[in-house]
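The values are calculated or read from the model by the stated rules, or taken from the named source; none is laboratory data. Remember, it's a predicted structure, so these values are computed and weren't measured experimentally. Ideal geometry is used to build each Cβ from the backbone, glycine not excepted, and the neighbour counts take in all protein chains shown. Just the protein is used for accessible areas: all its heavy atoms, side chains included, with ligands, DNA and RNA removed. Shrake-Rupley method; radii C 1.70, N 1.55, O 1.52, S 1.80 Å.
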Amino acid sequence: MIKLIAFDLDDTLAPVGEAIPPGALGTLRLLEDGGVRLAVCSGKPVYYLCGFARQAGLRRAALVGENGAVIQLGTALPPARFDVLRPSPAARRGMDELRSAIEAALPDIWFQPNETCLTPFPVSPREHAVIGELLRKHPDALAALDVYHHLDSFDIVPKGVDKGVGLARLGAMLGVTAAETAAVGNGENDYPMFDYAALSVGVRVPDESRVDKNFDSLPAALSYLLPLVKGEGA
């Protein structure tokens, strides 16, 4: 039985920078009414996810930010329960070195205000290329880090931090096992939570071998999940 469904945010739950479509939001509320705990798992910081979930009216949502590094239950502030996975000294030194190098090359670059990870946002192909080159020139800084390349940003995270690890920690907080968990996403940084969850559902995942089911849209994925929660499917 599915007790927890974790959703990636950007281009899964909603288009980048936009709200959840009304029809999909209605289905999410039906899932909650069916007793399922919903989670939003994203590279975005938890404070961003908190505002997003509040606006959507999903106040019981579990929030997993910074690719699994920070967890918060519900949208109340301060949260009743939260957890932060702090970086190792080597990872912290590596991120500090990379941030200094990026700031020196791109003084106006914006960094997402994270608690644990490093996320620069290039605003042009040139800036994107500059950051990519800097990462190649600092292999020692990357020894304790992993990098997720996105169209609009780079998520630089300590090794051992990913959405699968975050989802496992969330499950422990909620008393929910991997066998009772489903994960829904669309990109490479969602693969670890696909590997963790008993049921993996893609929304236009390019590599269909990474998921149990792959759909062309969020409504189609939700239409598949809803009968499972109600006990009508297999």
About its Cα centre, the chain carries a charge dipole, from +1 on Lys and Arg Cβ atoms and -1 on Asp and Glu Cβ atoms, whose size in debye to the nearest 20 is 700 debye
Options (i) -0.29, -0.65, -0.98; (ii) -0.33, -0.68, -0.97; (iii) -0.28, -0.66, -1.08 are given for log10 I(q)/I(0) by the Debye sum over Cα atoms at q = 0.08, 0.12, 0.15 Å⁻¹, and the computed one is (i)
Counting only DSSP beta bridges fully inside the stretch 87-222, the antiparallel percentage to nearest 5 is 55 percent
So His150 and Gln55, fully extended at 0.36 nm per residue minus their Cα-Cα distance, gain in nm 31.7 nm
The lysines whose Cα lies under 29 Å from the Cα of Lys137, excluding any fewer than 8 residues away in the same chain, are Lys44, Lys159, Lys163
If one compares the long axis through the Cα atoms of helix 22-33 with the longest principal axis of the Cα atoms of the chain, the angle in degrees, nearest 10, works out at 70 degrees
Residues of the stretch 71-106 with backbone N under 18 Å of the label point set 7 Å from the Cα of Lys137 along Cα→Cβ are 94-106
For the stretch 1-88, dividing by residue count, accessible area per residue (probe 1.4 Å) in Å² works out to 42 Å²
Counting only protein heavy atoms with a 1.4 Å probe and every protein chain in place, the carbon and sulfur fraction of the accessible surface of the chain in whole percent equals 54 percent
As a percent rounded to 5, the proportion of antiparallel DSSP bridges among beta bridges in the chain is 45 percent
Dipole check, the stretch 82-222, charges on Cβ (K,R +1; D,E -1), about Cα centroid: among Ala141, Ile102, Val157 the Cα furthest to the positive pole belongs to Ala141
Here the FRET efficiency for Val123 versus Met1, based on Cβ atoms and R0 = 45 Å and rounded to 0.05, is 0.50
Taking Cα atoms only, helix 125-137 is inclined relative to the longest principal axis of the chain by an angle, in degrees rounded to 10, of 70 degrees
Expected sort for 193-205, 133-145 on mean C-beta neighbours within 10 Å, highest first, is 193-205, 133-145
Rounded to the nearest 5, the percent of DSSP beta bridges in the stretch 35-149 running antiparallel is 75 percent
Shape call for the stretch 129-234, from the Cα gyration tensor axes a ≥ b ≥ c (a/c under 1.5 means rounded, otherwise prolate when a/b beats b/c, else oblate), comes out oblate
In degrees, nearest 10, the alpha-carbon axis of helix 89-105 is tilted away from the dominant principal axis of the alpha carbons of the chain by 70 degrees
